[in-house]
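Trainee: Okay, here's the structure, questions in a sec.
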């Protein structure tokens with residue numbers, strides 16, 4: 001019996017949604033250049049944003065899980081929580097004009113992640129999915145570090161599955 005890896009499922013849902021519904025930078029016409037990676041990559045933020053020219057980085061972390069049985073005779077369920085961190089910086093053009101605002105990109109990415117989870121729930125019309133996705137909470141952070149104005153938000157997404 002093979003099982004679907006929840007990490008692959010969740011990343012696939014979000015990446016597929018972002019390809020079908022590309023985010024725009026501040027001008028409203030140019031598609032944002034987005035990198036989607038697993039946590040603990042070797043790249044440095046300064047390189048990714050200013051040399052590789054990414055506008056947004058989505059990092060998928062490691063699951064933590066717990067078992068839940070609300071009633072003694074109810075089926076055992078597992079709730080796996082996965083951190084998904086979205087990071088952006090304010091980017092300026094040569095004249096010093098902001099062309100991509102980190103805070104705006106975070107808002108757009110947060111909306112896209114929530115929309116992708118809703119779309120995934122609706123895709124199984126008439127079927128009983130083996131899992132349910134929901135955003136448990138998100139936590140935003142703004143840091144000025146080594147000359148970078150870094151905006152980030154960590155979403156905790158729950159993957160709720162029945163025992164196979």
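Trainee: Working only within the range 103-120, note down all residues that are touching a helix residue (DSSP H, G or I) at 6+ places or on another chain (Cβ under 8 Å), farther than 12 Å from residue 18 by Cβ and modelled with pLDDT of 80 or more.
Mentor: Let us first name the residues in the range 103-120 that are touching a helix residue (DSSP H, G or I) at 6+ places or on another chain (Cβ under 8 Å), namely 112-113, 115-117, 119-120.
Filter once more, so that each one left must be farther than 12 Å from residue 18 by Cβ: 117, 120.
Across the range 103-120, the qualifying residue is only 117.
Trainee: If residue 123 satisfies every condition in (1) at pLDDT below 80; (2) surrounded by 12 or more Cβ atoms within 10 Å (Cβ to Cβ); (3) within 17 Å of residue 18 (Cβ to Cβ) but one, which is the exception?
Mentor: Evaluating residue 123 over (1) at pLDDT below 80; (2) surrounded by 12 or more Cβ atoms within 10 Å (Cβ to Cβ); (3) within 17 Å of residue 18 (Cβ to Cβ) leaves (2) as the failure.
Trainee: Hey, among the residues in the range 126-135 that are surrounded by 10 or more Cβ atoms within 10 Å (Cβ to Cβ) and more than 13 Å from the chain's Cα centre (by Cα), which one's modelled with the highest pLDDT?
Mentor: First, pick out the residues of the range 126-135 that are surrounded by 10 or more Cβ atoms within 10 Å (Cβ to Cβ): 129-135.
Within this subset, residues satisfying the condition of being more than 13 Å from the chain's Cα centre (by Cα) are 129-132.
On the way: 129: 51, 130: 54, 131: 63, 132: 69.
Checked the range 126-135; the qualifying residue modelled with the highest pLDDT is 132.
Trainee: Okay, next question. What pairs come out if I take residues in the range 22-48 that are at positive phi and free of Cβ contacts under 8 Å to residues at least 12 places away in the same chain and pair them with residues that are surrounded by 13 or more Cβ atoms within 10 Å (Cβ to Cβ) and outside any helix (DSSP H, G or I) whose C-beta lies under 8 Å away, six or more apart or interchain?
Mentor: Nothing qualifies.
Trainee: Sticking with this structure for a sec: Going by the structure shown, is residue 99 within 21 Å of the chain's Cα centre (by Cα) and either part of a helix (DSSP H, G or I) or touching a residue at least 24 places away in the same chain (Cβ under 8 Å) (or both)? Lay out the reasoning, then the answer.
Mentor: Numbers: within 21 Å of the chain's Cα centre (by Cα): no; either part of a helix (DSSP H, G or I) or touching a residue at least 24 places away in the same chain (Cβ under 8 Å) (or both): yes.
Against the criterion (within 21 Å of the chain's Cα centre (by Cα) and either part of a helix (DSSP H, G or I) or touching a residue at least 24 places away in the same chain (Cβ under 8 Å) (or both)), residue 99 does not qualify.
Trainee: Now for a separate question. Kindly check whether there is at least one residue in the range 32-47 that is touching a strand residue (DSSP E or B) at 6+ places or on another chain (Cβ under 8 Å) and over 25 Å from residue 8 (Cα atoms).
Mentor: Yes; the residues of the range 32-47 include at least one that is touching a strand residue (DSSP E or B) at 6+ places or on another chain (Cβ under 8 Å) and over 25 Å from residue 8 (Cα atoms).
The values are calculated or read from the model by the stated rules, or taken from the named source; none is laboratory data. As the structure is a prediction and not an experimental result, all values here were calculated from the model. Cβ sites come from the backbone with ideal geometry, for glycine too, and all protein chains shown count toward neighbours.
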